[in-house]
Amino acid sequence: MCENDAMYRLPLTLATPAENLALDEALIDAADAEGPTAEYLRIWESPEPMVVLGRSSRVAEEVDAVECARREIPILRRASGGAAIVAGPGCLMYAVVLSYDQRPEARGIHASHGYVLDRLVAALRPQAPQVARAGTSDLVLLNNDTHSAPRKFSGNSLRVKRTHFLYHGTVLYDFDLSLIAACLRTAPRQPEYRHRREHGDFVANLPLARKMVNESVSTAWPTEGESADWPRARVAELVRERYRLDEWNLAYGVIR
């Protein structure tokens with residue numbers, strides 16, 4: 001897909017939650033096959049609410065499946081780690097597929113988190129000076145009141161392959177935050193800065209318009225232009241073999 005030593009942008013939202021999750025995974029598969037110069041930036045936004053589990057998440061521990069069914073909100077599982085999230089309109093999604101050869105300073109789990117998130121913080125701060133990193137893989141809004149704890153607006157996760165890594169995450173900017181409390185249980189694993197807060201006191205929207213968030217993410221990852229192609233066949237294969245199957249989405253430790 002990549003034609004030269006450059007990062008290409010893919011501003012593409014597919015028709016279903018399953019296809020959208022599959023595309024992120026398909027992009028790292030494609031880059032790993034193409035070689036060390038292939039890199040991609042994808043920005044998208046789900047047109048409908050969805051719950052997305054981390055690769056090792058347990059549904060019963062992290063999700064209120066009954067409430068999700070009542071609201072007709074699908075539950076899917078991504079290929080990367082981390083805890084369950086709720087996404088949908090008002091939550092910008094991004095993914096970067098980065099080459100270890102091109103970016104050796106990002107090699108290693110902690111280095112990868114820092115490399116990506118520090119760039120996002122630098123790109124967002126001119127418009128939102130209160131943005132900061134927190135925990136392992138979160139972006140937060142700091143409060144001018146030193147007695148108030150930071151509030152999370154972005155969660156991120158990582159998938160590593162042979163020559164590349166996929167780093168993808170969420171940016172809440174105009175999201176219905178009540179969906180998070182409705183669909184997710186109290187997180188079983190919590191960063192120290194959360195201080196045991198429930199979802200309603202912990203999450204917040206970044207006070208920027210979608211266009212500004214999009215521009216900031218694009219500033220963090222300059223590209224040479226848009227890619228006209230994407231791995232359609234691999235997306236279809238992943239949807240068929242994983243992302244439409246309850247054995248992948250709802251079971252724990254069944255498919256690897």
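Numbers for the structure displayed
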{"item": "Hydrodynamic radius by Kirkwood, which averages 1/r over all alpha carbon pairs of the stretch 28-72, in angstrom", "result": "13.9 Å"}
{"item": "Built amide H within the under 5 Å cut-off of Leu206, gap 5+", "result": "Leu172, Tyr173"}
{"item": "Sites matching GluC sites (Glu not before Pro) across the stretch 1-70 that sit in DSSP coil, with at most 16 neighbouring C-beta atoms within 10 Å", "result": "Glu3"}
{"item": "Per-selection Rg to Rh, the stretch 93-152 - Cα, Kirkwood hydrodynamic radius", "result": "1.04"}
{"item": "Binned Cα-Cα distance frequencies in the stretch 40-185 - 5 Å width, integer %", "result": "2, 9, 17, 21, 20, 15, 10, 5, 1, 0"}
{"item": "Residue order, fewest to most surrounding Cβ atoms within 10 angstrom, among Lys211, Lys152", "result": "Lys211, Lys152"}
{"item": "Of Leu139, Leu177, Leu41, the one that fluctuates the most in a GNM where the chain has Cα springs shorter than 10 Å", "result": "Leu177"}
{"item": "Taking the chain and dividing mean pair separation by its residue count, relative contact order in percent (alpha carbons under 8 Å, at least six apart)", "result": "27 percent"}
{"item": "Distance in nm between pseudo-label sites at Lys161 and Asp145 (7 Å out along the Cβ direction from Cα)", "result": "4.7 nm"}
{"item": "Solvent-free Debye scattering, log10 I(q)/I(0), computed from the Cα coordinates of the chain at q = 0.07, 0.09, 0.12, 0.13 Å⁻¹", "result": "-0.22, -0.37, -0.68, -0.80"}
{"item": "Other-chain or far-sequence residues with amide H under 5 Å of Leu184's (modelled H)", "result": "Asp64"}
{"item": "For the stretch 115-127, Karplus couplings with θ = phi - 60° (6.51, -1.76, 1.60), whole Hz, Gly/Pro x", "result": "4, 6, 5, 5, 5, 5, 4, 4, 6, 7, 4, x, 9"}
{"item": "Value at 222 nm in deg cm²/dmol, rounded to 500, when DSSP H runs of n ≥ 4 in the chain each add -39,500 (n - 2.57)", "result": "-8500 deg cm²/dmol"}
{"item": "Beta bridges by DSSP in the stretch 26-122, antiparallel share as percent, to the nearest 5", "result": "75 percent"}
{"item": "Inter-site label distance for Arg58 and Ala209 at 7 Å from Cα along Cβ, in nm", "result": "4.6 nm"}
{"item": "Check: the stretch 1-119 dipole with +1 on Lys, Arg Cβ and -1 on Asp, Glu Cβ, in debye", "result": "280 debye"}
{"item": "For q = 0.09, 0.18 Å⁻¹, Debye-computed log10 I/I(0) when each Cα of the stretch 120-240 counts as one equal scatterer", "result": "-0.33, -1.11"}
{"item": "Residues whose placed amide H lies under 5 Å from that of Ala6, excluding near-sequence neighbours", "result": "Glu39"}
{"item": "Residues in the stretch 24-62 reached by a label modelled at Arg189 [backbone nitrogen below 18 Å; 7 Å Cα→Cβ]", "result": "52-62"}
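Since every read-out is calculated from the coordinates, none of them should be taken as a lab result. Here the structure is a predicted model, which means the values were calculated and not measured. Note: ideal-geometry Cβ built from the backbone for every residue, glycine included; neighbour counts use all protein chains shown.
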